[in-house]
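First comes the structure, then the notes that go with it.
The values are calculated or read from the model by the stated rules, or taken from the named source; none is laboratory data. Just so you know, these numbers come straight off a predicted model, no measurement behind them. A quick note on method: Cβ atoms are made from the backbone with ideal geometry, for glycine too, and the neighbour counts reach across all protein chains shown.
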């Protein structure tokens, strides 16, 4: 394998785009937006080696309209009852549009607002989802399987996947 091929295989954006292209081919031709967003959050969890992943779609008042998860059991989902709203650890990314990263979210002063029965988590990385110039959601993952902290490559993967989610939201959600 040539050096350029090896370097490109390590590029997180390229890996995310390739994974998206393969995943979209497996989706039905006529699909609902939540099916496309499920692909995004599943890839986010898989590519960052995270235990859980979630994608929230918010309205113009920053209230959660859609919530897609990956890695949660059916019992976990039933226990949540309501998706997280516009406060807590992800509130700053919704306010300023910049990614957030916590090695231990429980030690953050913003570690509040989790709904009852929310899964336990420590490490968290989240990125905004932009639509028509406004933050209209977030994509985030928690707790790497290998115990390592999330890094810049993980963030680049999430940003790439969030751009795809943005396109889905703009074209099919609103």
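When residues in segment 130-158 are screened for being in contact with a helix residue (DSSP H, G or I) (Cβ under 8 Å, 6 or more places away or on another chain), in a helix (DSSP H, G or I) and surrounded by fewer than 19 Cβ atoms within 10 Å (Cβ to Cβ), 2 of them pass.
Condition first: farther than 19 Å from residue 167 by Cβ, surrounded by fewer than 20 Cβ atoms within 10 Å (Cβ to Cβ), at pLDDT below 80 and touching a strand residue (DSSP E or B) at 6+ places or on another chain (Cβ under 9 Å). Can you find one or more residues in segment 66-78 that meet it? Checked segment 66-78: at least one residue is farther than 19 Å from residue 167 by Cβ, surrounded by fewer than 20 Cβ atoms within 10 Å (Cβ to Cβ), at pLDDT below 80 and touching a strand residue (DSSP E or B) at 6+ places or on another chain (Cβ under 9 Å).
State whether one or more residues within segment 99-111 are at pLDDT below 75, more than 13 Å from the chain's Cα centre (by Cα), under 15 Å from residue 67 (Cα atoms) and surrounded by 12 or more Cβ atoms within 10 Å (Cβ to Cβ). Looking through segment 99-111, none of the residues is at pLDDT below 75, more than 13 Å from the chain's Cα centre (by Cα), under 15 Å from residue 67 (Cα atoms) and surrounded by 12 or more Cβ atoms within 10 Å (Cβ to Cβ). When residue 82 is tested against (1) out of contact with any helix residue (DSSP H, G or I) (no Cβ under 6 Å at 6 or more places or on another chain); (2) modelled with pLDDT under 75; (3) part of a loop (DSSP other than H, G, I, E, B); (4) within 14 Å of residue 142 (Cα to Cα), exactly one condition is not met: (4).
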